[in-house]
Amino acid sequence: MLGRVAIVSLGLWLGAGALAQTEPMVSLNGSMGQRAALLLIDGQPRSVAVGETVLGVKLLSVGDGQARVEINGRQHQLELGASQANVGAPALNGSAGQQIVLQVGSGGHVLANGSINGRSTQLMVDTGASTVALSEAEAQRIGLRYKDGRAIRSQTANGDAQGRMVTLDSIRIGDVEVHNVQGVVLSSPMPYVLLGNSFLERFQMRRSNDRMVLDLRQP
């Protein structure tokens, strides 16, 4: 007998809270060889030469779809095409960040480029979803073995759909990574991977104006 899981409502968390922001939002939008990069800093496109500091962001190096920057004395790696995000709190052991800051887009949608099990994907925050949800097509693209998962029938915004419960080894956004996240692979098509509460419950969330902040909870 199939289990039944309520998956998506596409409702967004709209809680308010004071946001102490000391570091700029930054992303890599392009490069000019290894001499300069086009950075988006707090929503402003800037051409920054290697060694130059603009709006508190110093460009250290550029190459092969990546750029290394220094902000407030800390170094961070940017990936070409990743969504604009705050580079976050100091890393644990130099490798794991603790904060994700995302832009709230038109219609209140919050999108992010990230990875599941090391494979890049596009994600959308959905606090009305009980678990992370992705389509069969996306699961196949990232090489997820889902067909042995427990069969369920889920309730989505578009009606009922069949699915398979899975455990995702890792989900990473920027320098923040969490492990062993419950997910469901659905038979219905989906434009994004939905970041439901099986991921979001690992964080404390706050919202200020057009930014959503996710602070990793301490174990």
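Only the coordinates and a few stated rules stand behind these numbers; no lab work does. What you are looking at is a predicted structure, and each value in this text was computed from that prediction instead of being measured. Every residue, glycine as well, gets a Cβ built from its backbone with ideal geometry; the counts of neighbours run over all protein chains shown.
Taking amide H atoms as placed 1.01 Å from N in the peptide plane, the amide H of V184 lies under 5 Å from those of V132, A133, L134, V166, each 5 or more residues away in sequence or on another chain. Based on the convex hull around the alpha carbon atoms, the range 146-219 presents an average projected area of 6.4 nm².
Which log10 I(q)/I(0) values does the range 166-209 give at q = 0.15 Å⁻¹ under the Debye formula, counting every alpha carbon as one identical point scatterer? Each listed q maps to, in turn, -0.46.
Considering only P189, S208, I173, the residue lying farthest towards the positive end of the dipole of the range 171-213 is S208, judged by Cα position with unit charges set on Cβ.
In order along the range 69-74, the phi-based Karplus estimate (6.51 cos²θ - 1.76 cosθ + 1.60, θ = phi - 60°) of 3J(HN,Hα) comes to 10, 10, 9, 6, x, 10 Hz; Gly and Pro are listed as x. Of the trypsin sites (Lys or Arg not before Pro) found in the range 124-179, those in coil by DSSP whose Cβ has at most 15 other Cβ atoms within 10 Å are R145, K147, R150. Both radii are taken from the alpha-carbon atoms of the range 118-183; with Rh as the Kirkwood radius, Rg/Rh is 0.94. Taking amide H as placed 1.01 Å from N in the peptide plane, V54 has its amide H under 5 Å from the amide H of L59, each at least 5 places away in sequence or on another chain.
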